[in-house]
Amino acid sequence: MRAIIIFFCLSIFFSCNIQEKSTTDSFDTIKFDSHVHLMSPELIKYWKEIGIPFSKTESNYSNVDTILNNTPAKYINLIGMAYVYGNPEYYQGSDGAQKMANENNYLLEVSQKYPNRIVPFFAVDPLKEYAIDELDRCYTINSNSGLKLHFNASQVYLTEPEHLKKVKQLFIKASAYKLPILLHFDNWHPKFGKPDIEILVDSILNKINPIELQIAHFGTSGGFNEKTKRFIDAFVDLKDKGRIPTKHKITFDISAVALDKNSEGVSKLTEEEFIELSKYVHKIGVKNIVFGTDYPLYRSNEYYSILKEKVGLTEKELRIITQKNIAHEKF
C-alpha cells in the first residue's frame, strides 16, 4: 500500500497532457513560476525500466531549453528530485548516496546555462546520514540555490523524535546558508494535520534563525479537498494566535491545487470546489501565496488562466501572486 501511495505522489505530473509545441501567448505579468520540475536522463531511464509511465518525450522532463519554452515565466525555481534515491520503494541499490549526488549535479549543471533566469532547488532525503554533507556539497557548487524536502517521498514523521531531530538540523543549516526551502509537507499519514504543523512551528521554526520557507501545494499533495482545508485552517489559526514566528518569510505555493483535469487519482475540482478554493486563497491572503505550476502538470500560461477563469482571481491579485518569489529577490 505504501508503494502505491508514494507512486501516486511522485507521478502526479507524469501522465498529464502537455503540449509539446511552443506557445506564442504573451503572459508578461507572469514573472515567477516557483515550482517547475526537472529530471535527469538517468532518472528517467531508471523509472522507465521499473515501469513508471511517461506521456511525453524525455526532453519535456530533462531538457532545460524545452522546459523554459514550455512554461513561459520570466524566472523559474527548477526543482530536483534527487530525494527519490533515498526511498527503498523506488531504488534498492547500495549507491543511493551517489545517485542522489548525480541527480543534484545534473540539476546544478543545467541551471548554470541560464543563471539569471533559474534558481535550482537541489534535494536531499532528510533521514539519510549523508543529508547534511550533500546539502553542504551542493551549496558549495552553487550558493544561489535552494533546498527541496519531500516528506512524503522520504516518509518523514515529525512525531518521531529522530525524524524531528534530523529535519531540524537541515533547517538550521539552511538558515545559516540563507538557503530558501521548498517543503512538500504532507507525508500521507492518515493522522497528518494540525499536530504536524504544531511540531514544525514549536520545535523547529521557533527555535531557529530566520528562513524563507515555501510550502508546496497549499500544504498537501495536490488538489483541493478536506485535508487541504484542515491544513490551511490549522495554519491560519496558529498564525492568528501569534504562534507563527514573524521572523520567517513563509509562503504557500498554489501549484497543483486548482486542478481542472483528473491527475493520477486526484480528481479535478467541481465548480463548487473552485468557489471554495477562492475563499481559502483569501483566507491565506494573496500576499502570502506564490505562483507555481508543478510543471509538467501545467504550463505557466495555462495555470494562470485557470486561476483567473476558474478560481476567479482578479488581474490585480494574479499580479501580486506572480510577482514574488522566495529565491529571486534580486530580480
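The values are calculated or read from the model by the stated rules, or taken from the named source; none is laboratory data. The structure presented is a predicted model; accordingly, all values stated were derived computationally and were not measured. Cβ: placed from backbone, ideal geometry, glycine included. Neighbour counts: every protein chain shown.
Of all residues in the range 167-209 being farther than 21 Å from PHE122 by Cα and of a type in the set (Asp, Glu), which is surrounded by the most Cβ atoms within 10 Å (Cβ to Cβ)?
By that ranking, first place goes to ASP196.
Return yes or no: is PHE13 at pLDDT below 95, touching a His at 6+ places or on another chain (Cβ under 7 Å) and assigned to a loop (DSSP other than H, G, I, E, B)? Step through it out loud before you land on a result.
Details: at pLDDT below 95: yes; touching a His at 6+ places or on another chain (Cβ under 7 Å): yes; assigned to a loop (DSSP other than H, G, I, E, B): yes.
For PHE13, the condition - at pLDDT below 95, touching a His at 6+ places or on another chain (Cβ under 7 Å) and assigned to a loop (DSSP other than H, G, I, E, B) - is met.
Just to be sure, is TYR280 assigned to a helix (DSSP H, G or I) and of a type outside the set (A, V, I, L, M, F, W, C)?
yes
Hey, PHE27 hits all of (1) buried (at least 17 other Cβ atoms within 10 Å of the Cβ); (2) at pLDDT 95 or above but one; which does it fall short on?
Every condition holds for PHE27 apart from (2).
Based on what the data block shows, is ILE326 surrounded by 15 or more Cβ atoms within 10 Å (Cβ to Cβ), of a type outside the set (Ser, Thr, Tyr) and at pLDDT below 95?
Criteria met by ILE326.
Given (1) touching a strand residue (DSSP E or B) at 6+ places or on another chain (Cβ under 9 Å); (2) under 24 Å from THR322 (Cα atoms); (3) not hydrophobic (A, V, I, L, M, F, W, C), where does ASP65 come up short, assuming only one miss?
Failing condition for ASP65: (1).
Just to verify a result, which residue in the range 289-305, among those that are touching a helix residue (DSSP H, G or I) at 6+ places or on another chain (Cβ under 9 Å) and either β-branched (Val, Ile, Thr) or surrounded by fewer than 18 Cβ atoms within 10 Å (Cβ to Cβ) (or both), is farthest from ILE76 (Cα to Cα)? Even if it seems obvious, please write down each step before you answer.
First pass over the range 289-305, keeping only residues touching a helix residue (DSSP H, G or I) at 6+ places or on another chain (Cβ under 9 Å): 289-300, 304.
Remaining after also requiring either β-branched (Val, Ile, Thr) or surrounded by fewer than 18 Cβ atoms within 10 Å (Cβ to Cβ) (or both): 289-290, 293.
Details: ILE289: 15, VAL290: 12, THR293: 10 Å.
Checked the range 289-305; the qualifying residue farthest from ILE76 (Cα to Cα) is ILE289.
Select from the range 94-132 the residues that are polar (S, T, N, Q) and surrounded by fewer than 23 Cβ atoms within 10 Å (Cβ to Cβ) and write down the one among them that is farthest from TYR46 (Cα to Cα). Before you say what the answer is, go through the steps one by one.
Within the range 94-132, the subset polar (S, T, N, Q) is 94, 98, 102, 104-105, 111-112, 116.
Next, only the ones that are surrounded by fewer than 23 Cβ atoms within 10 Å (Cβ to Cβ) stay: 94, 98, 102, 105, 112, 116.
Details: SER94: 15, GLN98: 15, ASN102: 13, ASN105: 17, GLN112: 25, ASN116: 31 Å.
The extreme case among them is ASN116.
Checking LEU78 against (1) part of a helix (DSSP H, G or I); (2) under 30 Å from ARG319 (Cβ atoms), which single condition isn't satisfied?
(1)
Step by step: first the residues of the range 200-224, then only those that are in contact (Cβ under 8 Å) with a residue 40 or more places away in the chain and among the polar types (S, T, N, Q), then the one that is nearest to LYS148 (Cα to Cα). Which residue is that? I'd like the intermediate steps shown before the answer.
Filtering the range 200-224 for residues in contact (Cβ under 8 Å) with a residue 40 or more places away in the chain gives 200-205, 208, 211-214, 216-218, 221-224.
Imposing the further condition that a residue be among the polar types (S, T, N, Q) reduces the set to 203, 214, 221.
Details: SER203: 20, GLN214: 10, SER221: 15 Å.
So the residue we want is GLN214.
Go through the range 237-267 and give me each residue that's assigned to a loop (DSSP other than H, G, I, E, B), crowded, with 17+ Cβ neighbours inside 10 Å and small (Gly, Ala, Ser).
SER255, ALA256, ALA258
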